[in-house]
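Any read-out appearing in this document is the output of simple, stated calculations on the displayed coordinates, not a laboratory observation. Since the structure is predicted, the reported quantities are computational estimates derived from the model, not experimental observations. Glycine gets a Cβ as well: all are built from the backbone with ideal geometry, and neighbour counts include every protein chain shown.
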Amino acid sequence: MAPLVYVAFSRHLTKHPWQLGLALLGIAVGVAVIVAIRLTQHSAFEAFDAATRTTVGQASHRLVGPNGQVNNEIYQRFALAFPAIPMTPVINRRVTLPNHARTIELLGIDPISRTEIGSDGRTERMSFDPGELIAEPYTAVVNQTTAAELGVQEGSSITVRSGGTATSLKIIALLPQAHSPGGIVNGLIVVDIATAQEVLQIYQDIGHIDFRIDDPKMANQLGQALTTDYASTLQLIDLAAQSLNIKRMTAAFYSNLNALSLMALLVGMFLIYNTETFLVLQRRDILGRLRALGVSRRQILISILLESSCIGAIGSLGGIIFGIFLANGLLGIVSTTINDLYFKTSIDTLSIAPVTLLVSFVAGIGATLFAALVPAVHATRIEPTLVLNRNGLRPLSIRRVCLITGILFILCNLLAWLVLEYSQTPNAGFAGISLVVFGFAAICPLAIVALSAAARWLLGSRRFLPERHGLRTVSVAVNRTGTATAALMIATAASIGIGIMVTSFRASVTDWLDSALRADLYIADAQFDNQSEGSKIAPEFVEHIESLAAVNATSTVLRRQVTTAGSTVRLSAYRLNDVARKGFSFKVGDADSIWPQWQDHDVVIVTEPYAYHQGLTVNDDIRIQTEAGERSFRIIGVYLDYASERGSISISRSTYDRHWQTVGYDGIGVYADPAVALGDLMQAVAATIDEDSNLAINTATELKRTSLEVFDRTFLITELLRAIAVTVSFIGILGALLAQQLERTQEYGILRAIGFTNPEMRRTVLTQTSLLGITAAVIAIPVGILMAVILIDVINPRSFGWTMLMEISPALITKSCAIALLAALCAGFYPSYRAARIEPADAMRYE
Amino acid sequence: MPCVTSNMRGFAILLIAFLSLVGIHAKLTSSDENPRTVAGLLTESDPPPGFEYALEPRPFEFPKDHSAHPKFRSEWWYFTGNVESASGVPFGFQLTLFRFAMRPQSSQSNSPWRTNNVYLGHFAVSDITAGVFHNFERQSRAVLDLAGARGDPPRMWIRDWSIELIDVEQEVWRLKAQEADVGLDLALSALRPIAMQGDRGLSKKSKESGNASYYYSIPRMAVAGSISTASGFHTVNGNAWFDHEWSTSALAQGQIGWDWFSLQLDNGFDLMIYQFRTENGKPDTASHGVVLHPDGTSTKLSREQFEIKAQEYWKSPKSGLRYPIAWSVHIPQQALTLNILCRMPNQEWHNNFRYWEGAVDVDGYLGENLVTGRGYVELVGYE
């Protein structure tokens, strides 16, 4: 008997292709967004790992010195004291390419000892003659992409400059890309360790020492030797832990996106539920006949679930294909953001993770089956009868619907509150959001009934009979219309919530930039980036700037990485004037008590994310590796800073100079004489800068613009995904509403028969869909705002340690609600046109 | 016929190990017309100009010549031996240091890392009772005293692995190596005078001039010292064999590998034979041997004068390669028939370069007399 069921079902589906399409679309979009986000994340990690392989190899630990340098002699001593531990020297610095007006990373390695690190069959293979690299001075290798970028071939030369000395390096081989065996990452010149010393003119030092320590006991021994012999000036860093940390950082960024993709799947499930419900509804006569022909309930259930699995499978497959395309498109944006915020890696290849695809596929089918379960069970309850019963699916009474949904609403929100109150993780925050959304989705039917009643009361006059009729029918059929409305509400709320979060975030960053950028001009190494130590600006240059007539004052900053508690963090040493000090706004600590201690005591101020991540606050001490060993510094303030989510530590330059010996600065802030125009100041300062130096002058406005550009780039992907999810949700919901309206053909026939005119018919239908749209919008506003509150007050601090002020933009809310209404109205047009054209006799033939 | 070559082993190991460990290997394996054969590897790497070549027999001057010869491209010091503790616990050991010059000279530089020489070390202890083969590899550039060779007295080292002539008069060497919980500290005294290989120490590898090495051996050295493993510390005694060879060019064509035997018999005879295996399965003409008599005289053997037959095979569970582990050797001219059996099968190196180098037991007949002995066998190029 079963084949009969399949024939009946499949014939129905092919006769209603748009319904099938809607279901497929719903599931495909959900799966596609999940696949896209997962794959971009996977690709970013792959790129990160490839970069790590190039720079770190198989090393497990790294020994770093207080100045980012380790003396040759220290290498020698360690190599002889621990002869059985594989170790290798590394120099990793940025150098300038004067002919290309850019910088590039110079990686100096010892191919011989590096091979020791990578033994046990995990040896990296180098596809060139290392003998040439080692024994011929000034030889280098790059990968093919970098060679193409720089316009060099095998055998040609490239000029690099460091510390004022230019060196020509001969490219002896072009290596493959990082993801191929023996490949290296883009934007990297690999040279022998001796060549690196010669290029950088640091003959006494290497950058750091990489070890491969398989035995934790060895790591302990090494650590002990460090503390006893080197007064803790050297630090052993666990590279695995560090790389895990960096990946964890990006996890916060991705948790936002993953939440978004789950939201997309949720909307997809609503669509599936809706579609399946209608498929069952529309086929109730077939189902009834099948039951009469002897098809069992079980067979019906299996057939419907099988049908949904097929839809789920096809939809998921489509979603995976679309997701791969989407991921490819998103890769560029993700790459930029990751580079802006986390680590310097070019993510240029989408790496397809089969597991991700499989999981997404299974999730797609699972979601479809789950959504189809209730309609499928309903279908089995259809009595075997040849009498065509229009009310085949007995609706629940409105009272019961209201009761159930009301309880759900209270339960979900209570649970959400509990989850948010008693958890610490960002993911719990997302769970909270989901619960709130679900709770509010549950009261959609209730809201429809209530709004319908209110509207009927408002439209009391006889003139509004068509509207009143429409409102009443909507409210009666609430168990059908409720789902689509809930889906529309979720999409709208997500749009509002994420929108408010991004707007608030941006506003806070803008305020912070306005407050922090106090100087008129900023001078810094144009090539300076967070991950390396650039060449320093000489003190004489600062004195020279100060001597200019147009200049009132300067402030300076020196940036470096320091080690504290086994991990590295950015330390900024500031010399600040009174104006510059006003640029710091303290979250904890009082400016009046902070600044008097600033210069002469061993005190630091830390950024809000740093304090959050490390669980530190004012009056806590942090121990930092200085040149003289580990020293304790008291935290006297926690300040607002959105520059880095890892956070950083700031110290006064005079305190810095008591513990480190560094000459020069990384940046200068120039404060103009109030009487001087900015343009004149710019000219005066520009005249002091050498043409071939890397120094760049920026105005505060320019810096602010660049910073906000980075911000916007970061949220571009969020916005883009939101747009994709929301748009497709709207289309899906539009389809769902359309389907509901088309279901009513017979009802419209009766209306026509009792004398409704064509325009009145249209009014009835449009009133119905408008009510759904309005309900969705009305509920979406509080849900969206709640979502924003959770994002801003729970998830952001938990993920990044940033606090921000919430800014609700009425325009954003209006726009989102307008789109919801528009979708609902659009869904009414075609059915209202059809309703108006219906022949009463045809429609009532079965009545 | 001038005694062509004797020992190719260090050469090829050195070259293959270096070239493969740092990558030419990848190039070779990926290219179809040049599969990874010994010949392929040796012909692949033409030395850069500027090195000296072994062209003529030369006067050797000891102890100076025990140290490094940096004008030649490659060089190795090769110690293998069989020892036993007082309580009879047997061990085999190998300590080898290779030097490889990538260029004839090092360029002038202020960087202490600048060098043209790299060193590779292989250290193995065969714990015969336990059946465990401990083997370790090290490599280092010759900078910052991390590796190198010194002349007076000769000392070669990679970090704390070292080979040093501690008594010039008595020709006593000290070997030290330690890795994880395996170590050795041995004193080796020469029981025979230094034996020049080939033509007065010039060992030709082919008919072309320059394809030769300078090569000498100390075929029998008395060993005393200690070996430690995870199972404990053992005071040991036994015999060892020492080879020292340096050259710039070594060509071997049509050869796929070789079997090399150094045997010390209890009756005072020492024996070194080797055969190159060719693709057609026949021993190559370069296969040769030498019998060192107790009275200090020696007899050179050409390929026709000895026969080596593999009797038993062992398949390495790690590499899947199949090595012979038992042989019968017949030298009619000397009335010598020997059965050679590995003391344990698992003595395979499977780092960057795969080969089998292991301790063996020997028994057989010299004429009518029963002889026994010990030795080392090296098997290269089994694929």
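Gap in Å between the Cα centre of segment B:338-383 and the Cα centre of segment B:215-231? Centre-to-centre distance over Cα atoms comes out at 16 Å. Translational diffusion coefficient of segment A:527-693 (Stokes-Einstein, Kirkwood radius from Cα pairs, 4 °C, 1.567 mPa s): 76 µm²/s.
Each listed q (0.18 Å⁻¹) maps to a log10 I(q)/I(0) for segment A:67-232, found by the Debye formula over equal Cα scatterers with no solvent: -1.13.
Enter the mean number of other protein chain beta carbons within 10 Å of the beta carbon of each residue in B:136-148, as an integer.
5
Only counting other Cβ atoms within 10 Å, I'd like A:Val33, B:Val329 sorted with the fewest neighbours first.
Ranking A:Val33, B:Val329 by Cβ neighbours within 10 Å, fewest first, gives B:Val329, A:Val33.
Exceedance of the 25 Å cut-off in Cα-Cα distance is limited, within the set A:Lys170/A:Lys536; A:Lys582/A:Lys704; B:Lys204/B:Lys315, to A:Lys170/A:Lys536; B:Lys204/B:Lys315. Sequentially through segment A:828-835, phi angles give Karplus couplings (6.51, -1.76, 1.60; θ = phi - 60°) of x, 4, 5, x, 5, 5, 5, 4 Hz, Gly and Pro residues having no value and appearing as x. Ignoring aspartates and glutamates fewer than eight residues from B:Lys300 along the same chain, the ones with Cα atoms less than 19 angstrom from its Cα are B:Asp199, B:Asp243, B:Glu245, B:Asp259, B:Asp270, B:Asp284.
Between amide H atoms placed 1.01 Å from N, distances below 5 Å from B:Trp314 occur with B:Tyr323, B:Ile325, all of them 5 or more places distant or on a separate chain.
The 3J(HN,Hα) values that the Karplus relation (6.51, -1.76, 1.60; θ = phi - 60°) gives for segment A:516-521 are, in residue order, 7, 8, 8, 6, 7, 10 Hz. Gly and Pro appear as x.
What does the highest-first list of A:208-220, A:311-323, A:498-510 look like by mean Cβ count within 10 Å?
Numbers: A:208-220: 16.8, A:311-323: 23.1, A:498-510: 20.3.
Highest mean packing first, the order is A:311-323, A:498-510, A:208-220.
The packing ranking, built from the mean of other Cβ atoms within 10 Å per residue, places the peptides A:37-43, B:149-155, A:445-451, A:490-496 in the order A:490-496, A:37-43, A:445-451, B:149-155, highest first. Overall form of segment B:267-383: prolate. Here a/c, set by the Cα gyration tensor axes a ≥ b ≥ c, is 1.5 or more, and a/b is the larger of a/b and b/c.
Shape verdict for segment B:160-206, please, from the Cα gyration tensor: rounded (a/c under 1.5), prolate (a/b greater than b/c) or oblate. Oblate, because a/c is 1.5 or more while a/b does not exceed b/c.
Averaged over the residues of peptide B:100-107, the number of Cβ atoms from other protein chains lying within 10 Å of each residue's Cβ is 4. Annotation: peptides A:617-624, A:789-796, A:773-780, A:167-174, ranked by per-residue average of other Cβ atoms within 10 Å with the highest first, follow the order A:773-780, A:789-796, A:167-174, A:617-624. Dipole magnitude for segment B:306-356: about 200 debye, using +1 per Lys or Arg Cβ and -1 per Asp or Glu Cβ, origin at the Cα centre. Averaged over the residues of A:74-86, the number of partner chain Cβ atoms lying within 10 Å of the residue Cβ comes to 4.
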